[in-house]
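One structure is given here, and the rest of the page talks about it.
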Amino acid sequence: MSVTAPKGFVASGVHCGIRKQDRLDLSLVRSVVSATGAGMFTINRMLAAPVIVCREHLELAQPQAIVTNSGVANAATGERGLLDARATAAETARLLGLDVEEVLVLSTGVIGAQLPLSNVISGVREAAAALSVDGGGDSATAIMTTDTHSKEASARGTGFAVGGMAKGSGMIHPQLATMLAVLTTDYPLEPGEAIEFLRPAVDVSFNAISVDGECSTNDTVLLLANGASGVERTPASDEEFALCIRKVCGELAKLIVADGEGATVLAEISVRGAADGAEARAIAERIATSPLVKTALYGHDANWGRIAAAAGSAKFNGGFAQLDPDRLSIVIDGVPVLVEGRPSGDEPALANGHCEIELDLALGDGAARYLTTDLSYDYVKINAEYRT
């Protein structure tokens, strides 16, 4: 499982004093053989210092190590935040014998708080000494904030593996990435190729989930590939690798949504028959982020009228996505509730913590899927007390 499933990767997780109650709060992942990699980042204009530093480093070198702290996001921290992120990378590089540009830094936690750099530096030193092939679990635990459990996934292809860890529970409505996710593989890739495998996998996984409609300042997905498997690449093996990346991203994305702050229901939304894929996605996203749909899910109320209203108000290209009320059909948990614009009179009982919502617009071949959660009292409580 996790980031040490592929050959040639070691990891660790330690407590450096950022989080209370001796919780692990600093993670380190390293490829022990030369790696290449890529990253995808939030489009939020309030970029956190680690995102800025990661982008700079990826333009200059191939990544070999990733250090992550939890508890403080190092976002909205000005020049000092950038200096702290760079100092973290520099100390990690010194300890691992790397160039500073080969180290990527991630942070997650409270926005606007300064990073306790002395704690982080001490943690980096401890984490470097603790690196091992068995450290993936601790590493995944150390990046958690309001998560109730660590999130790990792996997949094996013919002679190679893909591993991954992620954190995320609130502020989940990604744009190009989601919260924090680190993927590793021993499949051989040339410099510049990783992004071509990462981007499509992120688009259908991390970029198709929502918990609360909030886009974070720190959203990042990183992929390191070191070729330690020694497999010979072919078009068939590339296709298999792409499927493995997509599988790991999909599993991690689903774990994030299922662990949404205060969530009691995981909803899978499928839209087909839209004018095109982009319009299908816009409609699926609108339903997934509708407070009325999400509160109905919390009440186990199959209120398909809210779903229809959300679908009809989906914005697209400066206007609205196409929808014909007389063609629209909606199925909830296998029960048709609206058939070509006419109510069926049937309603499912939503009581098992999982809900499938299917829409058929009967307008074209466009299709999309999205994952979301309900909106509960506990979500408000968790976020009202987040800094206390």
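The values are calculated or read from the model by the stated rules, or taken from the named source; none is laboratory data. Everything quoted here is computed from the prediction, not taken from an experiment. Virtual Cβ from ideal backbone geometry, glycine too; neighbours counted across all protein chains shown. The area values use the complete protein model at the heavy-atom level, side chains included, leaving out ligands, DNA and RNA. Shrake-Rupley method; radii C 1.70, N 1.55, O 1.52, S 1.80 Å.
Inspection of region 218-236 identifies no residue that is at pLDDT below 90, of a type in the set (D, E, K, R) and either more than 21 Å from Ala38 (Cα to Cα) or part of a strand (DSSP E or B) (or both).
Listed by first and then second residue, the pairs with beta-carbon distance under 8 Å, at least 6 apart or on different chains, first residue in region 104-124 and among the polar types (S, T, N, Q), second assigned to a helix (DSSP H, G or I), are Ser107/Ala49; Ser107/Pro50; Ser107/Ala85; Gln114/Arg80; Gln114/Gly81; Gln114/Asp84.
Scanning region 118-129 finds one or more residues that are surrounded by 20 or more Cβ atoms within 10 Å (Cβ to Cβ) and β-branched (Val, Ile, Thr). Is it the case, given these coordinates, that Ala253 is surrounded by 17 or more Cβ atoms within 10 Å (Cβ to Cβ), out of contact with any Asp or Glu (no Cβ under 8 Å at 6 or more places or on another chain) and not in a loop (DSSP other than H, G, I, E, B)? Criteria met by Ala253. Note on region 374-388: residues that are part of a helix (DSSP H, G or I), in contact (Cβ under 8 Å) with a residue 40 or more places away in the chain and open to solvent by 50 Å² or more (accessible area, probe 1.4 Å) total 6.
The number of residues in region 60-93 being of a type in the set (Gly, Ala, Ser), open to solvent by less than 10 Å² (accessible area, probe 1.4 Å) and farther than 16 Å from Met46 by Cβ comes to 4. Of Glu279, Glu356, all but one fail to be farther than 20 Å from Phe206 by Cβ and touching a Gly at 6+ places or on another chain (Cβ under 6 Å); the exception is Glu279. Within region 1-31, take every residue that is modelled with pLDDT under 95 and of a type in the set (Lys, Arg) and give me the one that is nearest to Gly71 (Cα to Cα). Here the residue is Arg19. Figure legend. Inter-residue proximity from region 262-281: first residues over 21 Å from Asp326 (Cα atoms), second residues among the small types (Gly, Ala, Ser) and modelled with pLDDT under 95, beta-carbon distance below 7 Å, spacing 6+ or different chains. Indicated pairs: Gly262/Ser376; Ala263/Ser376; Thr264/Gly353; Thr264/Ser376; Val265/Gly353; Leu266/Ala258; Leu266/Gly353.
Once region 130-156 is narrowed to residues that are at pLDDT below 95 and of a type in the set (Val, Ile, Thr), the residue that is most open to solvent (accessible area, probe 1.4 Å) is Thr148. Can you confirm whether Thr68 is of a type in the set (Val, Ile, Thr) and modelled with pLDDT of 95 or more? Considered against the rule, which asks whether it is of a type in the set (Val, Ile, Thr) and modelled with pLDDT of 95 or more, Thr68 comes out as yes. Within region 9-48, which residues are closer than 14 Å to Gln62 by Cα and touching a helix residue (DSSP H, G or I) at 6+ places or on another chain (Cβ under 7 Å)? Correct list: Arg30, Thr36, Gly37, Ala38, Gly39.
When region 347-361 is examined, which residues are found to be assigned to a loop (DSSP other than H, G, I, E, B) and open to solvent by less than 50 Å² (accessible area, probe 1.4 Å)?
Within region 347-361, Pro348, Leu350, Gly353, Leu361 qualify.
Among all positions in region 363-371, there is no residue which is surrounded by fewer than 20 Cβ atoms within 10 Å (Cβ to Cβ), modelled with pLDDT under 90 and either closer than 21 Å to Leu323 by Cβ or of a type outside the set (A, V, I, L, M) (or both). Taken over region 262-273, residues that are in a loop (DSSP other than H, G, I, E, B), open to solvent by less than 30 Å² (accessible area, probe 1.4 Å) and either among the hydroxyl-bearing types (Ser, Thr, Tyr) or modelled with pLDDT of 95 or more (or both) amount to 0.
Within region 163-178, restricting attention to residues that are open to solvent by 10 Å² or more (accessible area, probe 1.4 Å) and either closer than 20 Å to Arg281 by Cβ or basic (Lys, Arg) (or both), the residue that is modelled with the highest pLDDT is His173. Answer yes or no as to whether Leu371 is closer than 24 Å to Leu255 by Cα and not in a strand (DSSP E or B). When the stated conditions are applied, Leu371 does not pass them.
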